[in-house]
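Below: one structure, written as structure tokens.
The values are calculated or read from the model by the stated rules, or taken from the named source; none is laboratory data. The model shown is predicted, which means the values in this text are computed figures rather than measured ones. Cβ placement follows ideal geometry from the backbone for every residue including glycine, while neighbour counts extend to all protein chains displayed.
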Amino acid sequence: MILLIFFNKHIKLLFSFLFIFSLTILTGKLNAQVFDSEQNPPSIKWRQINTEYLQVIYPMELESEAQRILSVLEAIMVRERISIKARQKKISIILQNQGTTANGFVQLAPRRSEFYTTPSQSFDFQSWLNSLAVHEMRHVIQFDKLTGKLNAPFFEELALAIFGITLPPWFYEGDAVGMETALTDAGRGRIPEWSNILRANTLSQRNFSYSKNYLGSLKDFTPGYYQLGYFMTSKLRKDYGANIMDSIYSTMTRNPLRPYNLSRAIHKITGMNTRQLHDATIKELQDLWQAQADQSNPIDYPSINKRKTNTPENYNLPQPVAGGNILALKQGKASVPKIVLITPEGKEKKILNIGAQELPWFSYGGGKITWDEYRSDARFHQRSFNVINVYNLTTKRARQITHKTRLFSPSLSPDGKRIIAVSVSYSNQILLVEFDPENGRELKRYDSPDNNMLQMPSFNPDGSKVVVVGVNDSGKTIYELDTKTGTFTSLLPFQLQEILRPVYGNQDIFFKAHYNGTDNIYRFNLTDRQTYQVTSDKIGAYNPFYDTISGRLTFNTYTVFGHDIAALNTKSLLNKNINTLESHFVDYGAKAQEQEGNNNVLQNVNYKTYPSRKYREWSNLFYFHSIIPIVEDNAYFDDSNFGIELQSDNKLNTMSFYTGYQFNNALQKSEYLAGFAYKRFFPIFSVNYTNRPRLIYRQTTVNKVTTYSPVTWRENEIKAEMTIPFNFNRFNHSYSLGLKTGTSFTNRYDVENGMTSLITRLNFPMHYQFYASHNTRRSSRDLAPKWGQNFSFLYRHFPFEDQVKGKLFSAKSTFYFPGLAENHSFAASFNFQDGDGSYQNSVDIPRVSGYSFLTPIGNTNNTLLLDYRLPLFYPDFAIGPLAYIKRIQGGLFSDFENIGKGKSFSPRSYGAELRADVNILRFFLPIFNFGGKVVFLNEKPHRNPVFETIATYSF
């Protein structure tokens, strides 16, 4: 899967490239964006294996995994190129074992793919890295087909720009999901739950537009572009044959810069544009899914949770507690994830907010709640951890009981005295580990059978046994662990079923599966060793929990507004043996599987042993990949300078280097530049060099006649900076802390028409910055954190220079507070500065609104900016293919300047603003924020209001 990081890191380049061809109508400053990803800890020992077309780079702990996956990749690449015919080029595959997120991506500039090796607690029924390899290799072929002639050392950024501008993510991700489904016996296309949102909306006649289904919504749940793209590309293959994907890419390649290139290519071949393809796909799916629902004899289960609004919210993992209450993990677009208590009357009480998770999860037992949370490394963000937290319902205290661990899906024993969790080591050794919930002390560990992946463990009522899902390339099973003997027993044969969340219930084990083609709750009877279907929800039933006291089974159902909670007495459960069931699953990708040969690419891999050797960072510091256009404002007149940069970024993200040339249009002279950033160790070091012409005008007055004479020179300027960043999170809070210090050296030469006051050497002016922040987690609809404190302090001076004097101190701060209603935000920013000498007239703090229209009142010493923002409505309105409006927001502001220096405390300006969050030209990212504000100037005599436009973007 190509991550959104693809767009986050390259979007400026994509638009810069697009704008280069539109300079006749556009003006402004354009800078190419250098890809700058995260680093691993420097202690990792890297190795590599090289073949003709593949280089695998990996930590030494993954030697056996690297050998295995290379054989898999060799087999996959042959099969992947049948439906898209592209010339094969070598690519680097980097196995990343330091993180806890299961993911991967392919990129250019530099050309590489990264596989994050830690498996998820919820993925399809095969080995994680095999599934990932099939998906990511499809992206490699997509790149090669569309931009294969644009290579390093000059054109990888250009290729990336063409790919990003030309292809919407639904197309390339949908195609890759289709291939992971067609070439294996698993894949997300075979998981009913994966299409829940689209299926629920379609069966409920909520036929959203193409723009809304693709670009998303803050008002409703909509399918992701992976899901939407899978069905749309599957329809193309189903209706137009095995060669349709190759034909589309070939048509696009002949017209790489044509607007709406994909839509036009699809239209040329099929007669439909992308919107019409979307509508036809949804119409066909509606008929198929309705027929499936009719055949499955669904039952309507009443919801225990009482929804007061139509705001999309999930009530996940319902677990009964004393008094008939139910705990649930509530997640939605309007609020951050929280654990809530729901009474028998449907009333809801918040227990606590929780932090970021790899997968929604919590467990209750013995008056305690446990859950896992993601923790980032403070500096090396390729490394992350998954830790266990415990909340005591009696003391109302939350504690993190493990640190720097890789533990997933913790579950409490019913008496609350033990926690069991899945552990994944850096070498991908899979364990179940028991902990003491009071102090986090490890009690026992159990090796997984055959090192199969384990998912979602759960204790039996007396804590003597644990049930857990096992996964390998044959599918999934349910293991039962005897904690006294440490032995695992397989209760089911490995099978191609998405089995999740097994729990005990008397003589049964309840779990989620999809034997009849729809996700439902099933029970495995420990006495007769048979499996029975016990629910029949229309969309799906999930997350069973059996209460031995009340004899009730609680579980989740799915609606268009999210997961609801339902409960059934044992006597109300269905009792259908799975041997009598017929699957009515809508296998929309079946035709693609037939086109790809109807066999599993992973079954006939010729495993080899390859020679490996060290991967030395110093030997691979440079990877020149792109020439990047430079377009920037000219300091001397209203025009732009043009130039080029040659860019290098090494494949482990530790060294970036550039060198370039540009022509100064105003002075008609050349400029030269170079620089690097080295990021392997804790501090980040950067050095930038510029050689450029300069111009000032010297003023002279003779006999009261003032004349201006040009003074020109060239100068060498070297800037150096060291940054020490810390970024980390804990529970529902994120923190950052950092120190920057830097200096420069300037040497001026070839001075013409000089003057005595011109300084020809400027020796090492210094600056120091310290910043710190704390912010609470935001929901999708929040315009800002509910609580936040952000500070930045900067000091500049000339400690090594006798010719120039002066110092500047500035302090900036922003505080966030809850607004009057949900998702409203109130922000207060107080800023202060004090400078003298050369910094006497410098302004290093934010100014008040409309400052250029206000009468100056002396040097700016401080500002106080008050801002109240609120969402107004969510239109989800498309203006054809030009724009899609997600949200309209408003705001009020009041800005103060030089507080304490006037006679009264009154704002210098105030006003209101109106903004819209917009996707333009159907680009998924960035989200543009367009609007305007009216600024009232608080000074006499009365002046007309000032109107200003707003145009920003975010990711």
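Annotations
- When restricted to residues that are within 34 Å of the chain's Cα centre (by Cα) and either in contact (Cβ under 8 Å) with a residue 40 or more places away in the chain or assigned by TED's automatic domain parsing to the domain that holds Pro360 (or both), region 294-316 contains 12.
- Screening region 510-534 for residues that are more than 35 Å from the chain's Cα centre (by Cα) and assigned to a loop (DSSP other than H, G, I, E, B) and picking the one that is surrounded by the fewest Cβ atoms within 10 Å (Cβ to Cβ) gives Thr527.
- Applying the condition of being among the hydrophobic types (A, V, I, L, M, F, W, C) and in contact with a Ser or Thr (Cβ under 7 Å, 6 or more places away or on another chain) to region 326-346 and asking which residue is surrounded by the fewest Cβ atoms within 10 Å (Cβ to Cβ) yields Ala334.
- Restricting attention to region 407-464, the residues being basic (Lys, Arg) and surrounded by 21 or more Cβ atoms within 10 Å (Cβ to Cβ) number 1.
- Unique residue being of a type in the set (A, V, I, L, M, F, W, C), in contact (Cβ under 8 Å) with a residue 24 or more places away in the chain and either exposed (fewer than 14 other Cβ atoms within 10 Å of the Cβ) or more than 24 Å from Pro785 (Cβ to Cβ) (or both) when the list is Ile857, Ile927: Ile857
- So Asn732, is it assigned by TED's automatic domain parsing to the domain that holds Gln803, buried (at least 16 other Cβ atoms within 10 Å of the Cβ) and under 31 Å from the mean Cα position of the chain (by Cα): yes
- Check on Lys350, assigned to a strand (DSSP E or B), surrounded by fewer than 20 Cβ atoms within 10 Å (Cβ to Cβ), without any contact (Cβ under 8 Å) to a residue 24 or more places away in the chain and not hydroxyl-bearing (Ser, Thr, Tyr): yes
- Complete set of residues in region 440-460 that are of a type outside the set (Gly, Ala, Ser) and either assigned to a strand (DSSP E or B) or at pLDDT below 95 (or both): Glu442, Leu443, Lys444, Arg445, Tyr446, Asp447, Met453, Leu454, Gln455, Met456, Pro457, Phe459
- Residue in region 135-143 that is touching a residue at least 12 places away in the same chain (Cβ under 8 Å) and over 30 Å from Ser656 (Cβ atoms) present: no
- Among residues of region 483-537, those that are over 30 Å from Arg445 (Cα atoms) and in contact with a Leu (Cβ under 7 Å, 6 or more places away or on another chain), counted: 6
- Residue identified as among the hydroxyl-bearing types (Ser, Thr, Tyr) and outside the structural domain of Pro544 (by TED's automatic domain parsing) among Thr343, Thr405, Thr394: Thr343
- Of the candidates Ala102, Ala152, Ala86, Ala109, the single residue that is in a loop (DSSP other than H, G, I, E, B), touching a His at 6+ places or on another chain (Cβ under 8 Å) and surrounded by fewer than 23 Cβ atoms within 10 Å (Cβ to Cβ) is Ala152.
- So Asp220, is it over 28 Å from Ile927 (Cβ atoms), of a type outside the set (Phe, Trp, Tyr) and in contact (Cβ under 8 Å) with a residue 24 or more places away in the chain: no
- Of everything in region 760-804 that is farther than 30 Å from Ile888 by Cα and aromatic (Phe, Trp, Tyr), the residue that is surrounded by the most Cβ atoms within 10 Å (Cβ to Cβ) is Phe798.
- Scanning region 91-112 for residues that are within 19 Å of the chain's Cα centre (by Cα) and among the small types (Gly, Ala, Ser), we see that the one that is nearest to Tyr53 (Cα to Cα) is Gly104.
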